[in-house]
1. Rounded if a/c is under 1.5, else prolate if a/b beats b/c, else oblate: with a ≥ b ≥ c from the C-alpha gyration tensor eigenvalues square-rooted, which is region 1-84?
2. Please list, short to long, the whole-number percent of alpha-carbon pairs of region 104-193 in consecutive 10 angstrom bins beginning at zero.
3. Do you know the relative contact order of the chain, to the nearest whole percent, from alpha carbon pairs under 8 angstrom that are 6+ apart?
4. For Ser241 and Glu158 in one chain, what is 0.36 nm times their gap in residues minus the Cα-Cα distance, to one decimal in nm?
5. Mind checking the alpha-carbon convex hull of region 342-499 and giving the volume per residue in Å³?
6. Based solely on its DSSP helices, what 222 nm [θ] is calculated for the chain when runs of n ≥ 4 H residues each add -39,500 (n - 2.57) and the sum is averaged over all residues, nearest 500 deg cm²/dmol?
7. Return the lysines within reach of Lys311: Cα separation strictly under 29 angstrom, same-chain partners fewer than 8 residues apart disregarded; answer none if there are no such residues.
8. Could you tell me how far the Cα centroid of region 340-356 sits from the Cα centroid of region 137-201, in Å?
Amino acid sequence: MTREELIKERRAQPWRAELRKATPNKERITAPRTPMPTLGLEERLSAFHHEVALGYTAELAMEEARRCLDCPSPGCVSGCPVGIHIPSFIKLIERGEFVDALGIIRETSSLPAVCGRVCPQEKQCESQCIYTLSLKKPAVSIGNLERFVADYERLHPEEAKPLAPPMPPNGLRVAAIGSGPAGISFATDMAKWGYEVTVYEAAEELGGVLRYGIPEFVLPNSIIEHELAKLRQLGVHFVPSTYVGEDITVQQLQEEGFAGIFVGTGAGVPNFMHVPGEDLKGIHSASDYLARLNMMSPEEIDEEKLRYAGKRVAIIGAGNTAIDAVRSALRLGAAEVMIVYRRSREEMPARAEELHHAEEEGTRFLTLHNPIAYLADASGHVRSMRLQQMQLGEPDASGRRSPQPIEGAIVELEVDEVIVSIGYSASPLVPQSLPELSVSRSGTIVVDEEQRSSIPTIYAGGDIVRGPATVILAMGDGRRAATSMHRSLTGRTELGALV
């Protein structure tokens, strides 16, 4: 049965037709979007490791699920980079069958608890919801519902269903380089198809950007561990603290019998603006800043709070990483924390929910300003920054209005610490170790539409191909690479078990 046939069969089930009739669409449409409960402001700012968004209760999840109109041609599915059949899992939530709802998601997504927390649904699946496109109302809260069913299974292990067993071993070995979302997604599908899968990770802990780049008040490490446990159940092997391209070469992996290799090493090299004073003490990249904090124990966080008391902290940039950094500084007790961004609030690329939380927690947004220099105190530590005031011109290649300097409009602000978050470049280690590998001018690996590189047995996806992007886009790349590699290694066009 094809995926399309399976979806059609599910929608035609009698219980689902009865569910649609039980609540008229007029009643569904008039229901307001169900808000997500959150930790109180005072409590969240005093607790670095406590998640802010608390998740739906079963009652709230079913209430929100009832808003879904179960569209016959759902736009939300086309907006999902991994193709989750969203109405099918939401209707199961409406019916109270939460574990079965998660089963629908896991058919195409390896990380539902993660994606429910960190993916920009408002720019992807929810942007294509009929509520958004036609009814001009808030979309069904797809991300919150996905998170709910993933959390429900974790919190109710007695109800959890075992993973579908993988296909019989096919005798082929494949490797993933990087244990971030792209590598995890690739490894999951290949393991289900019967491959022996080994994932190599440069860091000591697994998870890549999920572990080191996102604070626990957004994505707890326990969630990452739960998802990694699913891969271990499928037989995936993990080799941490190993730099492929340095500790072991790609050629050595091939000599050891790996028939295919997927590169998902991400974009881990932080960009800087190269303005005067950027090398002063007290100026860090956001990736280094967050990775250091994410590895700290509660006791070490308490010590860090003593150092931050009374400080003025500026974060340069307004993407998701910048917002994670600014919210971390607030939890460390800084007296003033600001986002410095060269465009307006409307152009900020961070998730709407994260921007809302940052504002609630006390972030100052200094828009239409751009650093042009940093000044030092007598000890060589940053003491202030000079900012060029900006105005918006015509849209640039990204579709956002291009910032232009206002001649002579320069201000100086005192700061004690600066965290730069203006993007990342591709991790160079694997590409540099393979001179025959085609790379772009920016250092990303060039792939075709099936994620295959210029070396036929090597595939790549995620940020090492796209540049900095989202978790779910990286996962989509991993799935596409797995499908393509599986077809290439087996000669099969019909893939079988996965849908």
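1. Details: a/c = 3.03, a/b = 1.81, b/c = 1.68.
Since a/c reaches 1.5 and a/b is larger than b/c, the shape of region 1-84 is classed as prolate.
2. Final binned percentages: 14, 34, 32, 16, 3, 0.
3. Taking the mean separation of contacting Cα pairs over the length of the chain, I get 15 percent.
4. Numbers: separation 83, 0.36 × 83 = 29.88 nm, distance 3.45 nm.
In short, 26.4 nm is gained.
5. Given the Cα convex hull of region 342-499, per-residue volume reads 195 Å³.
6. The helix contribution divided over the chain gives -10500 deg cm²/dmol.
7. Correct list for Lys311: Lys281.
8. 31 Å
The values are calculated or read from the model by the stated rules, or taken from the named source; none is laboratory data. Just so we're clear, the structure is a prediction, and the values are computed from it rather than from any experiment. Cβ: placed from backbone, ideal geometry, glycine included. Neighbour counts: every protein chain shown. The area values use the complete protein model at the heavy-atom level, side chains included, leaving out ligands, DNA and RNA. Shrake-Rupley method; radii C 1.70, N 1.55, O 1.52, S 1.80 Å.
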